[in-house]
1. Pairs of lysine in segment 190-251 with Cα under 19 Å and at least 8 positions apart or on different chains: total?
2. Taking all protein chains together and a probe of 1.4 Å, list LEU146, LEU141 from the most accessible to the least accessible.
3. Given 0.36 nm per residue, what is the gain on full extension from GLN63 to SER33 after removing their alpha carbon distance, in nm?
4. About the Cα centre of the chain, how large is the charge dipole given +1 on each Lys and Arg Cβ and -1 on each Asp and Glu Cβ? Please answer in debye to the nearest 20.
5. Any idea what the relative contact order of the chain is, in percent, if you count C-alpha pairs under 8 Å spaced at least 6 apart?
6. How far is helix 215-229 tilted, in degrees, relative to the longest principal axis of the Cα atoms in the chain, given as a value from 0 to 90 rounded to the nearest 10?
7. Quick one: Cα centre-to-centre distance for segment 200-231 and segment 123-157, in angstrom?
8. Can you give the extra length, in nm with one decimal, that the chain gains between ILE186 and LYS237 once fully stretched, where that is 0.36 nm per residue apart less the Cα-Cα distance?
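The values are calculated or read from the model by the stated rules, or taken from the named source; none is laboratory data. Every value quoted in this text rests on a predicted model; they were computed, and no experiment measured them. Neighbour counts are summed over all protein chains in view; Cβ atoms, including those assigned to glycine, are modelled from backbone coordinates with ideal geometry. Accessible surface areas use protein heavy atoms only, side chains included; no ligands, DNA or RNA. Shrake-Rupley method; radii C 1.70, N 1.55, O 1.52, S 1.80 Å.
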Amino acid sequence: MAARASWKGHLKVGDLACAVGLYTAVSSSDRVSFNIINRRTGHRVERQFVDSETGKPVERGDQVKGYQLENGDYIVIEGDEIAEIMPESDKVLNIKAFIAYDDIDKLYFDRPYYLAPVDEHDEEALSLIARGMRDGKVAALAEAVLFRRNRTLLIRPHDDYIVATMLNFDYEVRSADTVFNDIPDIKFDKEMIALAGHIIGTKQGSFEPSEYEDRYEAALVELVKAKIEGRAPPKKKQVPERKVVDLMEALRQSAKMSGKAPAKKAVAKKKAPAHSDSRSKKAS
């Protein structure tokens with residue numbers, strides 16, 4: 001079955017335009033989904049909105065949006081008031097600028113879409129734009145009204161197709177300062193650094209999406225399959241508990257698991273002064 005476009009319009013660069021469609025590149029439709037049912041009857045349960053004070057059902061016509069004030073009261077926002085300020089869509093993806101792909105922090109990446117021509121007549125123009133971006137090693141910043149809101153997208157060629165990634169707005173991306181200020185500059189001895197480097201070296205590889213499995217989804221599929229076949233659900237494998245409290249010991253154990261540990265250099269034993277700070281940090 002051919003994919004359906006989530007949005008159709010025109011991609012415009014100056015006077016050059018072509019009809020395009022946005023197709024969802026990431027979907028959760030293949031995941032196992034459940035309905036809420038009544039255990040006693042086996043019937044599906046329907047959601048109902050009720051008044052939080054009276055407990056009585058509220059009809060759809062009486063349901064309105066409300067903004068809560070600090071004192072707990074609400075300001076009612078009517079549907080037609082929201083519709084009045086909603087931006088009007090002209091069905092145009094308007095390219096504002098071409099930038100280096102690495103100019104945008106990936107924290108701003110939201111949802112990816114495939115950008116494709118609507119019909120054969122638009123293939124040439126879109127291919128020309130993609131070729132120009134590929135040769136110039138740039139991406140395009142575009143604006144459009146999508147799904148009743150104004151959006152910013154990053155458009156870039158990727159292999160033999162084009163990806164349009166919806167971007168988060170600045171106010172949506174939290175500052176790292178809310179979590180931590182800086183990674184502390186802690187001094188480590190040479191053995192700890194060598195062990196850490198050895199572990200990293202033995203774990204180097206590349207990203208192959210097919211090698212990574214959604215183990216929770218796979219377990220759900222197996223659970224549903226077992227229930228359908230009338231057999232006992234599979235038991236969860238117990239992960240052996242490892243208690244390592246010393247950082248140096250944790251590094252040594254990891255190095256052993258990843259391969260031969262780096263050879264230690266012979267050093268003269270020296271009595272540590274009483275006030276010396278320990279290099280073997282305790283895990284908090």
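1. Values: LYS225/LYS235; LYS225/LYS236; LYS225/LYS237; LYS227/LYS235; LYS227/LYS236; LYS227/LYS237.
For segment 190-251, qualifying lysine pairs total 6.
2. Details: LEU146 0, LEU141 45 Å².
Sorted descending by solvent-accessible area, the residues read LEU141, LEU146.
3. Numbers: separation 30, 0.36 × 30 = 10.80 nm, distance 2.81 nm.
Between GLN63 and SER33, full extension yields 8.0 nm more.
4. Details: 46 positive and 46 negative charges, 579 e Å.
Dipole magnitude for the chain comes out near 2780 debye.
5. Details: 311 pairs, mean separation 43.9, N = 284.
After rounding, I find 15 percent.
6. The two axes meet at around 70 degrees.
7. 35
8. Numbers: separation 51, 0.36 × 51 = 18.36 nm, distance 3.79 nm.
Gain on stretching ILE186 to LYS237: 14.6 nm.
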